[in-house]
Amino acid sequence: MGRPRMTLDELAAGPPLDLAIIGGGINGAGIFAEAARAGLRVALFEAEDFGFGTTWRSTKLIHGGLRYLEHGDVRLVAETLREREWLLRTRPHLVEPLRFLFPMLPWTRRPRWQIHLGLVAYDLLAWRRSLPGHQRLRPDELAARFPGVSSLQRGGFAFSDARCWAPERLTLELVLEGIEAGGAAFNHTPVTRILTAGGRVTGVGVRAPDGRELTLGARAVLNAAGPWADAVRELAGDGGDEPLLDLTRGTHIVLCAEGALPRHALISTARSDGRVFFVIPQRDSYLIGTTDVRHEGDPGSVRPTREEVAYLLEEAAALVPGLEATAERVAYAYAGLRPLRRSGKGPEGAISRRHELVDHGRQGGVRGLYSATGGKLSTYRALARELLMRLDTRPAPELPPPALASLDEAPHPRLRQYGARLATVLAAGRGELCSGCGLLDGEVRHAVRAELAATLSDVLLRRTGAAWSPDRAEGCAEAAASVMAEELGWNPAERERQLAAFRADLARHLPTWAELAAESATEGRDLSTRRG
């Protein structure tokens, strides 16, 4: 399907790139797709896997940012609401409407009239919306829509936004569309050097998955490395006096659900500190978050802490006592970093979420080097348009929404996952991978053959979403590894290495409460030993 994939060697042997993009999250992938469609010779390089960083570990919301109105950022809200509508229209399998409830509670820090005024403004800014506007709710109406919510609530409001079931799949679709438009994309291929001459970008050095170092010419480089943007900037000798970013950590928990889930999500302010707080039903669980804590040190070290999980449980219990939010019901936790444009001191929640394209040449740095900072899942097109303008390139016309797959049976349960690509997935194998696991043999094979998956973690964490289930794909990992061994020619030792690496990734990125508690106990013993 589509164009054949260009190899690194073919790319290196050809003419210089118009644009080399470093970082395969939502911003890098979205700009890659738009640049390829605009006719640029463009390549995307990702050190880990597409969607590996912030994109994969977000709250998964495609929202206009209601809370940004209180900071007066009307332009940002209007722009993200427009992009929300565009994604609802063009990615209906991945992006769906989500109705939120905002209960008025004793600890709500804004008066009812102010929240109502904000929702009126929110609706006005989304005047060409496809979603229903806000409404006021009596206490009994709100309780009926989210059973178990605190009996202290005094009614509230309902309003519309949207969510993306799988941001990593949205990112991957953009990568594949960029390849089909003539671009080249490589995961597990870190950029190790940004080459310059006379104060201008001339190319990049990359390390191929087989360990070889290659050099490619490039007229411009986009640093879309998210939390790693400052480290990438230094590859060009453009470290500057001040970092580009303030990093804040957002931790979430996934709570196992019992019985039918509500059709609405909850948004509130946390009782203890006033942070924005979500309880979002998803499939067979609740997504609960988030924290907003400054992160220092290596972005690769980010993971949830036991204290953050305890905070989320405490706040969830206050907001929805009927959830019975206890540590025993936590399936796992995860944490991501928000790569926000540096703004100096101040509370974490006040740091602007606005996306910004930094032109280092205009700031006295390396010409032809650009950095993307901030932004949301829905703002990659705005960044792409701005960069194309800087590169004197006209954006391509918008594509019509893709037709969803036509299947023999009524809506297939995986239509939401794969959209128009589902028929190709099922052609690779319709049989269940293992009894009761819910994953198809063809999903694993398709991920390897057509979706650039190279590791077991790529498949289970960022292609099929199997590891996002409450059991973290423990039941299907062995079978998936065996299918990948067939597809990629792994010997038994490599298969076992992949399984071990996947389980290490689970412990690192999706730790259970028991794993976090065990780490805390170990750290306590180590500290006692050092003090003794």
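Read-outs throughout are calculated quantities, based only on the coordinates presented, and are distinct from any laboratory measurement. Worth saying up front: this structure is predicted, and the values here are computed from it rather than measured. Cβ coordinates were reconstructed from backbone atoms using ideal geometry, including for glycine residues, and neighbour counts include every protein chain displayed.
With point charges of +1 on the Cβ of Lys and Arg and -1 on the Cβ of Asp and Glu, referenced to the Cα centre of segment 415-509, which listed residue (Ala420, Ala473, Ala453) lies farthest in the positive direction of the dipole?
Ala420
Considering all alpha-carbon pairs of segment 83-195, what whole percent are spaced by more than 25 angstrom? Intermediate values should be presented prior to the final figure.
Values: 2929 of 6328 pairs.
For segment 83-195, the fraction of Cα-Cα distances above 25 Å is 46 percent.
Place a label point 7 angstrom from the Cα of Ser520 along the Cα-to-Cβ direction, then list the residues of segment 295-310 whose backbone nitrogen is under 17 Å away.
303-310
Considering all alpha-carbon pairs of segment 415-509, what whole percent are spaced by more than 17 angstrom? Please report the intermediate quantities before stating the final value.
Details: 1965 of 4465 pairs.
Cα-Cα pairs of segment 415-509 separated by over 17 Å account for 44 percent.
Expressed in nm², what is the orientationally averaged projection area of the convex hull enclosing the Cα positions of segment 231-364? Write down the numbers at each step before the final one.
Numbers: hull surface 39.7 nm².
In nm², the orientation-averaged hull projection of segment 231-364 is 9.9.
What residues have an amide H closer than 5 Å to that of Arg367, excluding those fewer than 5 places away on the same chain, when H is modeled at 1.01 Å from N in the peptide plane?
Residues meeting the amide H criterion: Arg200, Val201.
Please grab the % of Cα pairs in segment 116-274 that end up more than 27 Å from each other. Numbers along the way, then the final one.
Details: 6907 of 12561 pairs.
Result for the distance tail: 55 percent.
What is the ratio of the Cα radius of gyration of the chain to 2.2 N^0.38 Å, with N the residue count, to two decimals? Present the calculation step by step, with values, prior to reporting the outcome.
Details: Rg = 23.1 Å, N = 532, 2.2 N^0.38 = 23.9 Å.
Taking the Cα Rg and dividing by 2.2 N^0.38 Å, one obtains 0.97.
Ala454 versus Asp298, label points 7 Å from Cα toward the beta carbon: distance in nm?
Result for the modelled spin labels: 2.0 nm.
For Phe32, Phe100, what ranking results if the residue with the fewest other Cβ atoms within 10 Å of its Cβ goes first?
Details: Phe32 34, Phe100 21.
With the fewest neighbours first, Phe32, Phe100 line up as Phe100, Phe32.
Could you tell me the relative contact order of the chain? Use alpha-carbon pairs under 8 Å, at least six residues apart, and round to a whole percent.
Working: 1042 pairs, mean separation 92.5, N = 532.
Relative CO of the chain lands at 17 percent.
For segment 202-233 and segment 75-138, what is the separation of their Cα centres, given in Å?
Rounded to whole Å, the Cα centres lie 39 Å apart.
Within segment 254-349, list the GluC sites (Glu not before Pro) lying in a DSSP loop whose Cβ has at most 15 other Cβ atoms in a 10 Å radius. Let's see the in-between values first.
Working: sites: Glu258, Glu296, Glu307, Glu308, Glu314, Glu315, Glu324, Glu328, Glu348; in loops: Glu258, Glu296, Glu324.
Loop-located and lightly packed - Glu258, Glu296, Glu324.
Taking the Cα centre of the chain as origin, sum charge times position over the Cβ atoms of Lys and Arg (+1) and Asp and Glu (-1), and report the length of that vector in debye to the nearest 20.
On the way: 68 positive and 66 negative charges, 334 e Å.
Magnitude of the dipole: close to 1600 debye.
In debye to the nearest 20, how big a dipole does segment 235-334 give about its Cα centre with +1 on each Lys and Arg Cβ and -1 on each Asp and Glu Cβ? Walk me through the intermediate numbers first.
Values: 9 positive and 16 negative charges, 103 e Å.
Roughly 500 debye for segment 235-334.
Hey, can you list the DSSP H helices of the chain whose Cα span along the axis is 30 Å or longer and whose average Kyte-Doolittle score is at least 0.0? All intermediate terms of the calculation are to be shown ahead of the outcome.
Details: long enough: none.
Flagged H segments: there are none.
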